[in-house]
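A short worksheet on the structure shown next.
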Amino acid sequence: FTAYGNYKGNKWNLYTSVNLNNRLRIVEGDRQVITTYTDNSTPSDSIEFNFLNNSDRLGGSFKFGADYSINEHLLVNGEFNYDQHLHDGINTQNNFLPENNKKIIYDNDFDNNYDLEGFFDINQTFDNPDREFNFSMSYDFQKDNEYEFLIEDDENNFALQGIRMDTTKLNQNINGVNFDLSYKHPLNDKIKVELGYDGKINDNAENMVFQMPGG
């Protein structure tokens, strides 16, 4: 579901949108691989399994932006984006060869996962269309917390004595700032020069906790 809004006046152009979505995914299949070696002393290998992956991604986003025309050659733009999402998935794999076992992976997001982005742009044009000045800056912050645990049963009967669980918890904070500065200037009808700077600053933090059975 997406809703748009827009207002345009003499100097202002305001726009906004709201989006709600739920992306469901189901993937099912099987695979068999047989490896035969050229030397007769090594027996052939065989791998066979089937799988079923179910995932659900619930999210929503909000955008608000504005253009302001200072004059016919100078335009300023600003935009704000907010995106929130939660992912939940179950992956089941049944192994038949080389050994009979079953694996189930539960993968989900927790806490408040979101993506926040701001954008600012200045564009200056001139009477000569080959001459132009542009400056833009954007900031992006992402918060992503994921939790995953694996259940594996070597006996394929999920008796408590046959099950082992591995858990992984991942916390990520991603910060990024982008700068873009450019100026185009014609020297004559055939030659023009362009000067600019394109820079990116990243400051990311990641924390992973992995725990095996009995740990």
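Note that the range 166-215, at 25 °C in a medium of 0.890 mPa s, gets a Stokes-Einstein diffusion coefficient of 160 µm²/s from its Kirkwood radius over C-alpha pairs. Across all directions, the average projected area of the convex hull around the alpha carbons of the chain is 21.7 nm². Its relative contact order, with pairs defined as Cα atoms under 8 Å and 6+ residues apart, puts the range 24-168 at 19 percent. Taking the empirical scaling 2.2 N^0.38 Å for compact globular proteins as reference, the range 1-44 has a Cα radius of gyration ratio of 3.12. Within 14 Å, Cβ to Cβ, of Q32, how many net charges do the neighbouring residues add up to if Lys/Arg are +1 and Asp/Glu are -1? Charge balance in the 14 Å sphere: -2.
With Cα atoms defining each centre, the range 24-46 and the range 89-156 are spaced 31 Å apart in the structure.
Just checking the listed ones, E28, E79, E152: in the Gaussian network model of the chain with Cα springs under 10 Å, the one fluctuating most is E28. When the chain is treated as a GNM with alpha-carbon contacts under 10 Å, the residue of N19, N108, N40 showing the greatest mean-square fluctuation is N40. Between amide H atoms placed 1.01 Å from N, distances below 5 Å from R131 occur with F126, all of them 5 or more places distant or on a separate chain.
For the options V27, V76, V18, a Gaussian network treatment of the chain with springs between C-alpha atoms closer than 10 Å singles out V27 as fluctuating the most. The ellipsoid equivalent to the alpha-carbon distribution of the range 1-90 has semi-axes of 56, 19, 9 angstrom, derived from the gyration tensor eigenvalues as √(5λ) and listed largest first.
The Cα-based radius of gyration of the range 92-210, divided by its Kirkwood radius, gives an Rg/Rh of 1.37. The alpha-carbon positions of the range 41-154 define a convex hull whose volume is 200 Å³ per residue.
Here, each number is a calculation from the coordinates, and none is a lab measurement. Note that the structure is a prediction, hence the values are computed from the model and not measured. Every residue, glycine among them, receives a Cβ derived from its backbone with ideal geometry; neighbour counts consider all protein chains shown.
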